[in-house]
Amino acid sequence: MGSCDNVSVTSGVSAMADAGPAGRDQMGPAHVLVVGGSTEDWEALGRSAWATRRRDLGTVAADLGVEWLTLRPYSGEGVAGLAGRLDPAPDAEPVAVSAEVVGSCTVIVDPAADGRERFAAAMRAIGEDQVNEASVANVLYEPADCEPDLVLVLGPATRLPPSLVWELAYAELVFTEVAWGNLEAGHLVAAVAEYAGRRRRFGGLDA
């Protein structure tokens, strides 16, 4: 597994990216990872609110041409000032790993808040098989068939989420200081629009 082959950005996002400098990517991400909130925030959201969030974000992601949308906590504690603000809903419960098809997008819920533990678990899952970049990515992101192109971080740009490890090498990062409970589809649209205006370097530096 490697980086996804990008898909054309739909007209709504393209319009926001058309009027910029040359050399932009001009292609949309096939896999977007949204990282935000604490484990407590995730549980407090509640079953019905989770269903609405998956449906709303998945619908917008599909409209943007995103094939895979993964949701993951920022960390066990979240971000100071942006976490722990949700009063538990009546149907609050621990969040389990899940995958749901919404239109043409598959929404993956990954409650793993510790990136190091996720990586260690991937190594254990690979076992005696050959360990390489593709085999690690296959375990980390299944059922997605490629790594994230874009990571939307709900937090300040001065700190990286502990739930991210593998993604930091090649994915484009977009930061927005929004609490998990206030995440809306418009934040995803804005992140994809910013991505469309970048020239990806895949870990490289400008000459």
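Exactly one of (1) touching a strand residue (DSSP E or B) at 6+ places or on another chain (Cβ under 8 Å); (2) modelled with pLDDT of 95 or more; (3) of a type outside the set (A, V, I, L, M, F, W, C) is unmet by Ser8. Its number?
(2)
Of Leu64, Leu45, which residue is over 17 Å from the mean Cα position of the chain (by Cα), at pLDDT 90 or above, buried (at least 20 other Cβ atoms within 10 Å of the Cβ) and of a type outside the set (Val, Ile, Thr)?
So the residue among Leu64, Leu45 that is over 17 Å from the mean Cα position of the chain (by Cα), at pLDDT 90 or above, buried (at least 20 other Cβ atoms within 10 Å of the Cβ) and of a type outside the set (Val, Ile, Thr) is Leu45.
Output the number of residues of segment 147-160 satisfying the condition of being assigned to a loop (DSSP other than H, G, I, E, B) and crowded, with 24+ Cβ neighbours inside 10 Å.
Total meeting the criteria: 3.
Looking at (1) closer than 15 Å to Val109 by Cα; (2) modelled with pLDDT under 95; (3) buried (at least 23 other Cβ atoms within 10 Å of the Cβ), which one does Leu57 not meet, given that it meets all the others?
Every condition holds for Leu57 apart from (2).
Working only within segment 69-108, note down all residues that are modelled with pLDDT of 90 or more, closer than 15 Å to Ser38 by Cβ and among the β-branched types (Val, Ile, Thr).
Hit for segment 69-108 is Val95, nothing else.
In the list Ala122, Ala134, which residue meets the criterion of being out of contact with any Asp or Glu (no Cβ under 8 Å at 6 or more places or on another chain), hydrophobic (A, V, I, L, M, F, W, C) and within 24 Å of Tyr74 (Cβ to Cβ)? I'd like the intermediate steps shown before the answer.
Working: Ala134 fails: within 24 Å of Tyr74 (Cβ to Cβ).
Checking each option against the conditions leaves just Ala122.
Give Ala179, Ala144, Ala122 a once-over and let me know the one that is buried (at least 21 other Cβ atoms within 10 Å of the Cβ) and at pLDDT below 95.
Ala144 is the lone residue from the list that is buried (at least 21 other Cβ atoms within 10 Å of the Cβ) and at pLDDT below 95.
Quick check, is Val153 within 22 Å of Asp114 (Cβ to Cβ), within 16 Å of the chain's Cα centre (by Cα) and hydrophobic (A, V, I, L, M, F, W, C)?
Against the criterion (within 22 Å of Asp114 (Cβ to Cβ), within 16 Å of the chain's Cα centre (by Cα) and hydrophobic (A, V, I, L, M, F, W, C)), Val153 qualifies.
When residues of segment 161-183 are filtered for being in a loop (DSSP other than H, G, I, E, B) and touching a residue at least 60 places away in the same chain (Cβ under 8 Å), how many remain? Quick ask: steps written out before the conclusion?
Within segment 161-183, the first condition is being in a loop (DSSP other than H, G, I, E, B), and the residues that meet it are 161-165, 169-171, 177-179, 183.
This time we only want the ones that are touching a residue at least 60 places away in the same chain (Cβ under 8 Å), so: 161-164, 170-171, 177-179, 183.
Residues in segment 161-183 being in a loop (DSSP other than H, G, I, E, B) and touching a residue at least 60 places away in the same chain (Cβ under 8 Å): 10 in total.
The values are calculated or read from the model by the stated rules, or taken from the named source; none is laboratory data. These numbers come from a predicted model, not from an experiment. Cβ coordinates were reconstructed from backbone atoms using ideal geometry, including for glycine residues, and neighbour counts include every protein chain displayed.
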